[in-house]
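J.: Got a structure here, written out as structure tokens. Questions coming.
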Amino acid sequence: MFHSKADILQRLLQLRHTVWTPCGKAACSRLVLGIETSCDDTGAAVMDETGSVLGESLRSQKEVHLRTGGIIPIVAQQLHRENIAGVVQEALERSGVNPSQLSAVATTVKPGLALSLGVGLEFSQRFVRQHNKPFIPIHHMEAHALTARLLQPVAFPFLVLLISGGHSLLAVARGVDDFLLLGQTLDEAPGDTLDKVARRLSLIKHPQCSTLSGGQAIELLAKDGDRTRFNFTNPMGKISDCCFSFSGLRNQVTMAIMKKEAEEGIQQGTLLSCVNDFAAATQHIVALHLVKRTHRAILFCKEKGLLPTPSPTLVLSGGVASNQYIRRALTIITETTGLRLICPPAQLCTDNGVMIAWNGVERLREGKGILPPNVDVSYEPKAPLGVDMTAEVKAAAIRIPSVKIKRTT
Ligand code: KG4
Ligand code: ZN
């Protein structure tokens, strides 16, 4: 009997891959334990080589960080420390697998919060040494990019837009560990921007939003908002590359909030009457910025023959990719340019252990980046993804035709 969304998703993942099992049963398949602690989610999953999730466990720190007004790294580290052993044990128990049956352990070691990464890495290195298992260090953004291939066949190369609380990047995925970086954020990530705007609007005090992340709160409130009440300008509209910038945009929103607070005669920390309109306008301008940069990346890929014809694909992933308005805005661009848009379900877009286990499976299948248990590995808070092509993209100076994103919610 399956009850929660997570149970249903897990069952779907199991069924999805049953037919792929070469011998017809999971028992003959190699098993990978995936561990994620790069930010504020402690996740673990056991997966077989076909992509069936045998057991999963996820503990989010979201509500703690919402109350403290953002992630405090030392608090995140403490919560990971408290949860990691239990989460891994729960994933193993749910899978009915014992450590001796594992073929490898895959763990996020880059990029992310140093103190958070350290907890997962330290736990994993102790675990692989104790059980004498190979270790597969994982790049968190590589894992977000490859998640789409867990649910359906998506052949390389494909274009990927990864948008989360810590990242914003466009890349061509040419292989499991082979990426061309077309653009990345120059300042903050879109999830960070949405979280900060939500905090500035005190959305935690809104009865419908008290337990939601900033991005979720903005999406919910935007449904009843009028985005045309505020006319924010698309950042870097005149710069012809695929890099992102969200801090100027947040500044525009903050100034407009201050103006409204003065008009309504209220102090910062009190809910404005027009929070829905702010949410709608902010969500729209974030979507527009993402759409414009992605449109240019698609045209660049076409010009340079970087994507297959037919069936070029755009994969959209990362926490912000759960946003339905942003997904629909990107659909307009993919339909206009003839790309297929693939986006994992929301539970797999936000951080989890399944995506790390899957990245481990992809690497195990290809024999890439698998280390013996005794090798010392360091975590890397900052770690670029792939070969940097941002200068080539800028030099190509591709102009994009104007496309209107109509309000669809
Ligand atoms: O990928 P993720 O779980 O963690 C990072 O690697 O950063 O992404 C978390 C981010 C948060 O900033 C959160 O506000 C945002 O994803 N997010 C959303 C939505 N759900 C989560 N942003 C917009 N709309 C959503 N529905
Ligand atoms: Zn992430």
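The values are calculated or read from the model by the stated rules, or taken from the named source; none is laboratory data. Predicted model only: the values in this text are computed from it and were never measured. Glycine gets a Cβ as well: all are built from the backbone with ideal geometry, and neighbour counts include every protein chain shown.
J.: Looking at 280, 287, 297, 321, can you tell me which residue is at pLDDT 95 or above, in the same structural domain as residue 205 (by TED's automatic domain parsing) and more than 28 Å from residue 354 (Cβ to Cβ)?
T.: 280
J.: Identify all residues within the range 4-56 that are of a type in the set (Gly, Ala, Ser), closer than 18 Å to residue 365 by Cα and either buried (at least 23 other Cβ atoms within 10 Å of the Cβ) or modelled with pLDDT of 95 or more (or both); write none if there are none.
T.: 34, 45, 51, 52
J.: Answer yes or no as to whether residue 269 is in contact (Cβ under 8 Å) with a residue 60 or more places away in the chain, out of contact with any Leu (no Cβ under 8 Å at 6 or more places or on another chain) and within 16 Å of ligand 1 (Cβ to nearest atom).
T.: Considered against the rule, which asks whether it is in contact (Cβ under 8 Å) with a residue 60 or more places away in the chain, out of contact with any Leu (no Cβ under 8 Å at 6 or more places or on another chain) and within 16 Å of ligand 1 (Cβ to nearest atom), residue 269 comes out as no.
J.: Please return the ranges of strands (runs of 3 or more DSSP E) entirely within the range 133-205 where 2 or more residues are in contact with a Ser or Thr (Cβ under 6 Å, 6 or more places away or on another chain).
T.: On the way: elements: 135-139, 158-163, 168-175, 178-184.
The strands (runs of 3 or more DSSP E) meeting that bar are 158-163.
J.: Looking at (1) buried (at least 22 other Cβ atoms within 10 Å of the Cβ); (2) assigned by TED's automatic domain parsing to the domain that holds residue 259, find the lone condition where residue 128 falls short.
T.: Condition not satisfied by residue 128: (2).
J.: Tell me which residues, restricted to the range 317-352, are small (Gly, Ala, Ser), away from ligand 2 (no atom under 15 Å from the Cβ) and at negative phi.
T.: 329
J.: For residue 194, indicate whether it is under 22 Å from residue 67 (Cβ atoms) and more than 16 Å from ligand 2 (Cβ to nearest atom).
T.: no
J.: Then there's this: Inspect all residues belonging to the range 169-184 and state whether any of them is within 15 Å of ligand 1 (Cβ to nearest atom) and not assigned by TED's automatic domain parsing to the domain that holds residue 30. Show your work before the answer.
T.: If we filter the range 169-184 for residues that are within 15 Å of ligand 1 (Cβ to nearest atom), which is where we start, we get 169, 184.
If we keep only those that are not assigned by TED's automatic domain parsing to the domain that holds residue 30 as well, we get 169, 184.
Yes, because at least one residue in the range 169-184 is within 15 Å of ligand 1 (Cβ to nearest atom) and not assigned by TED's automatic domain parsing to the domain that holds residue 30.
J.: Here's a follow-up. Applying the selection to the range 206-218, what residues are away from ligand 2 (no atom under 16 Å from the Cβ) and either in a strand (DSSP E or B) or buried (at least 24 other Cβ atoms within 10 Å of the Cβ) (or both)?
T.: Hits for the range 206-218 are 217, 218.
J.: Let me confirm something: among 273, 240, 247, which residue is under 17 Å from residue 167 (Cα atoms), hydroxyl-bearing (Ser, Thr, Tyr) and either crowded, with 18+ Cβ neighbours inside 10 Å or more than 16 Å from ligand 2 (Cβ to nearest atom) (or both)?
T.: 247
J.: Which one is farthest from residue 53 (Cα to Cα) among residues in the range 124-168 that are within 16 Å of ligand 1 (Cβ to nearest atom) and among the polar types (S, T, N, Q)?
T.: Taking the range 124-168 and keeping what is within 16 Å of ligand 1 (Cβ to nearest atom), we get 138-148, 150, 160-168.
Retained after the next criterion (residues that are among the polar types (S, T, N, Q)): 147, 164, 168.
On the way: 147: 13, 164: 23, 168: 28 Å.
So the residue we want is 168.
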